[in-house]
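One structure below.
Here, each number is a calculation from the coordinates, and none is a lab measurement. Keep in mind that what you see is a predicted model, and the values were worked out from it rather than measured. As a convention, Cβ positions derive from the backbone with ideal geometry for all residues, glycine included, and neighbour counts pool all protein chains shown.
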Amino acid sequence: MTGAPSKIRLDKWLWHARFFKTRTLAAKLVSGGHVRVNSNKVDKAATKVGAGDTLTFPQGNQIRVVEIAACGDRRGPAPEAQTLFIDKTPVQLVKPKTPGADRVGGRPTKKDRRSLDLSRDRGLE
């Protein structure tokens, strides 16, 4: 090929941009109806996308919003894949689920547990 195509299959672009490890995983996500192209739900992996289209899809625990900057002609290294899109994902603050999660271990120490027990109201004792 002499240059990048103007339109490319959605599953292939998601794979080229390294959002998914395999093209099959990308196709399953699209076929499941979990991807939106320009705010429209799509369920066909063969949907053609090009530069300027906005994609919204789940990845892990977050919802990714990306704008396609280029189609690309191969699945290259990560620095090359990062040039294919503009990330517009809003920043989400991660709230720890357990007390003491900000520490390396993630669990409260015995000292923390004792101080927590002492700080609680004992009721009618």
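Among L29, L14, the order by Cβ neighbours within 10 angstrom, fewest to most, reads L29, L14. The Cβ shell under 13 Å around T47 holds other residues with a net charge of +4, Lys and Arg each +1, Asp and Glu each -1.
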